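Colleague: Below is a structure I'd like to ask you about.
The values are calculated or read from the model by the stated rules, or taken from the named source; none is laboratory data. In this text the structure is predicted, and so the values were computed from the model without any measurement. FYI the Cβ positions are ideal-geometry reconstructions off the backbone, even for glycines, and counts take in every protein chain you see.
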Amino acid sequence: MSDVGYMAIAAAVVLLVAGHTAWQIRGLFRARAADARLLAHGDIRYAKVVSARQSGTLIDDRSLCVVRLVDVESPATQRDIAQPIAAIDLPAIQAGCTVALRVDRSSGRALIDFSRS
């Protein structure tokens, strides 16, 4: 194979990697935008923390935590939320604490709203 062939293969690999990276970054920004919309416009509900654990993953210096919650209004309703949480907010998710949730009516997706907790 000639040098031109190797350069073409190298260029194709670089383009594929760059395209994949751009696609991942786009998805990250879309997810952040969706989280911001939910926190701004979601329905407010309150829930009691049953358990919380850190997954070991860091996202922008925030620990990804999995929090099991029980709805205050209907205790039969439990949900698990996986959300990046800043170190300063970790005391708010100790077992027994009540937290504010922002819930999307259509999907049921929820996030903890630390500005109201």
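Colleague: Within the stretch 52-72, does at least one residue satisfy the condition of being more than 17 Å from the chain's Cα centre (by Cα), without any contact (Cβ under 8 Å) to a residue 24 or more places away in the chain and assigned to a loop (DSSP other than H, G, I, E, B)?
Modeller: So in the stretch 52-72, the residues more than 17 Å from the chain's Cα centre (by Cα) come out as 70-72.
Narrowing the set further to residues that are without any contact (Cβ under 8 Å) to a residue 24 or more places away in the chain leaves 70.
Those still in the list that are assigned to a loop (DSSP other than H, G, I, E, B) too: none.
Scanning the stretch 52-72 turns up no residue that is more than 17 Å from the chain's Cα centre (by Cα), without any contact (Cβ under 8 Å) to a residue 24 or more places away in the chain and assigned to a loop (DSSP other than H, G, I, E, B).
Colleague: Follow-up question, since we're still on this one. I want to confirm something. Restricting to the stretch 73-94 and keeping residues that are without any contact (Cβ under 8 Å) to a residue 12 or more places away in the chain and within 15 Å of residue 110 (Cβ to Cβ), which single residue is surrounded by the most Cβ atoms within 10 Å (Cβ to Cβ)?
Modeller: So the residue we want is 77.
Colleague: Now for a separate question. Residue 116 - would you say it is touching a strand residue (DSSP E or B) at 6+ places or on another chain (Cβ under 8 Å), farther than 17 Å from residue 32 by Cβ, among the basic types (Lys, Arg) and assigned to a loop (DSSP other than H, G, I, E, B)?
Modeller: Values: touching a strand residue (DSSP E or B) at 6+ places or on another chain (Cβ under 8 Å): yes; farther than 17 Å from residue 32 by Cβ: yes; among the basic types (Lys, Arg): yes; assigned to a loop (DSSP other than H, G, I, E, B): yes.
Here the answer is yes, as residue 116 does meet what is asked.
Colleague: Hey, another quick one. Of the conditions (1) basic (Lys, Arg); (2) at pLDDT below 90; (3) in the same structural domain as residue 107 (by TED's automatic domain parsing), residue 26 fails just one. Which one is it?
Modeller: (3)
Colleague: From 40, 52, which residue is out of contact with any Asp or Glu (no Cβ under 8 Å at 6 or more places or on another chain), at pLDDT 75 or above and closer than 21 Å to residue 97 by Cα?
Modeller: Details: 40 fails: closer than 21 Å to residue 97 by Cα.
Of the residues listed, the single one that is out of contact with any Asp or Glu (no Cβ under 8 Å at 6 or more places or on another chain), at pLDDT 75 or above and closer than 21 Å to residue 97 by Cα is 52.
Colleague: Starting from residues that are among the charged types (D, E, K, R) and loosely packed, with under 15 Cβ neighbours inside 10 Å, keep the ones in the stretch 30-47 and report whichever is farthest from residue 81 (Cα to Cα). Spell out the reasoning first.
Modeller: Initial filter on the stretch 30-47 (among the charged types (D, E, K, R)): 30, 32, 35, 37, 43, 45.
Right, trim to loosely packed, with under 15 Cβ neighbours inside 10 Å and you get 30, 32, 37, 43.
On the way: 30: 19, 32: 16, 37: 17, 43: 16 Å.
Only one residue fits best here, namely 30.
Colleague: Of (1) assigned to a helix (DSSP H, G or I); (2) at pLDDT 80 or above, residue 35 satisfies all except one. Which?
Modeller: (2)
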